[in-house]
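**Student:** Below is a structure I'd like to ask you about.
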Amino acid sequence: MAEITAAAVKDLREKSGAGMMDCKKALTEASGDIDAAMDWLRAKGLSAAAKKSSRTAAEGLVGIEVSGTRGAAVEVNSETDFVAKNDQFQTFVRDVTSVVMALGDDLATVKAAPLGDKTVEEILTHNIATIGENQNLRRARRLEVASGAVVAYVHNAAAPGLGKIGVLVALESEAGADVLEPLGKQIAMHIAAAFPLALNEEDLDPEIVERERAIATEKAAESGKPADIVAKMVDGAIAKYRKGHALVSQLLVMDGKTRIADVVANAAKAAGKPIALKDYVRFQLGEGIEREQSDFAAEVAAAAGVS
């Protein structure tokens, strides 16, 4: 068997754009011959998959899975919404969500995890080649509590456990499922609609808060009021911002008057057992991805050679 050097793997990777492990396997199959290895990658569709990797993938699905005190959420992106309806793609999202449930949410670990006779990353590469669109395992989170429940909600569900927005709510308590499930569902639906940025006010990203402070300062300065009044206006604006974006201090969307912290406290009082809202996850499909804007008319004109 020919020795497969790191330099040969690097060379093939640069020429094909395929993954390192795929390149190593191709060279092994081709007894170290670069050209034959390129043909092997092309035959497997792996080289073509690499070419698709530069295309923006902002559609796809969010996968959610829960079991008792543990829950997992993943986001897998594709280029078009059409692929989200593909059984092969949906199966992959479900399988990856189960991997996260079992192994945790470190993406490197998840991608290297076995699914049948391939790894998660190898199946993803295969799917890119066979479905014909760029796809990306973008993010994953797993929540777990010592006792209580992790409750899920999927908004705009495309299939069971799959949708456009996925939410997990972690409630730690000795109360029964008859209490925790409806409470968790109510909070999860609120999270889907209200989009909190952190669980508590102190958990808000300091950079975001400072950016809001700068905006509030500029607005207050335009009022022409004295400096001490401007300072109070800014402090008031920031206090309002913190309350409006921290989950526990938000007002429940369903009634517009009860703080989430009080919703939990009221449920605990009714159940006669403490309930702690420990954490949450909210994944919205394509959130934060800069989507490419295309001018279809211009593209047609260019293809036809019209300036």
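The values are calculated or read from the model by the stated rules, or taken from the named source; none is laboratory data. Owing to the predicted nature of the structure, the values given are computational and were not obtained by experimental measurement. Note that each Cβ is placed from the backbone with ideal geometry, even for glycine, and that neighbours are counted across all protein chains shown. What goes into the accessible areas is simple: the full protein's heavy atoms, side chains included, and nothing from ligands, DNA or RNA. Shrake-Rupley method; radii C 1.70, N 1.55, O 1.52, S 1.80 Å.
**Student:** Straight-line reach from residue 10: which lysines have a Cα under 18 Å away, not including same-chain ones fewer than 8 places off?
**Tutor:** 24, 25, 51
**Student:** Right, next: How would you rank 103-114, 224-235, highest first, on the average number of other Cβ atoms within 10 Å across their residues?
**Tutor:** Top to bottom by mean Cβ count within 10 Å: 103-114, 224-235.
**Student:** If segment 88-130 were replaced by its equivalent ellipsoid, with semi-axes equal to the square roots of 5 times the Cα gyration tensor eigenvalues, what would those be, largest first, whole Å?
**Tutor:** Computed over segment 88-130, the values are 17, 11, 8 Å.
**Student:** Semi-axes of the equivalent ellipsoid of the chain: what are they in whole Å, largest first, if each equals the square root of 5 times a C-alpha gyration tensor eigenvalue?
**Tutor:** After diagonalising the Cα gyration tensor, the semi-axes are 44, 28, 18 Å.
**Student:** Using just the helices of the chain, give the 222 nm mean residue ellipticity in deg cm²/dmol: DSSP H runs with n ≥ 4 each add -39,500 (n - 2.57), and the total is spread over all residues, rounded to 500.
**Tutor:** -15000 deg cm²/dmol
**Student:** For residue 225, go through the aspartates and glutamates and keep the ones whose alpha-carbon is under 20 Å away, minus same-chain ones fewer than eight residues off.
**Tutor:** Qualifying aspartates and glutamates at Cα under 20 Å: 212, 235.
**Student:** Per the 1.4 Å probe, what fraction of the accessible area of the chain, in percent, lies on carbon and sulfur atoms?
**Tutor:** For the chain, the apolar C and S fraction of the accessible surface comes to 52 percent.
**Student:** In the chain, which helices (entire DSSP H runs) extend 20 Å or more along their own long axis, judged by Cα positions, while averaging at least 0.5 on the Kyte-Doolittle scale?
**Tutor:** Helices passing the filter in the chain: 87-103, 177-194.
**Student:** Counting only protein chains, not ligands or nucleic acids, how are 87, 81 ordered by accessible area (probe 1.4 Å), most first?
**Tutor:** Final ranking, largest accessible area leading: 87, 81.
**Student:** When ligands, DNA and RNA are left out and all protein chains stay put, how many square angstrom of accessible area per residue does the chain have with a 1.4 Å probe?
**Tutor:** 53 Å²
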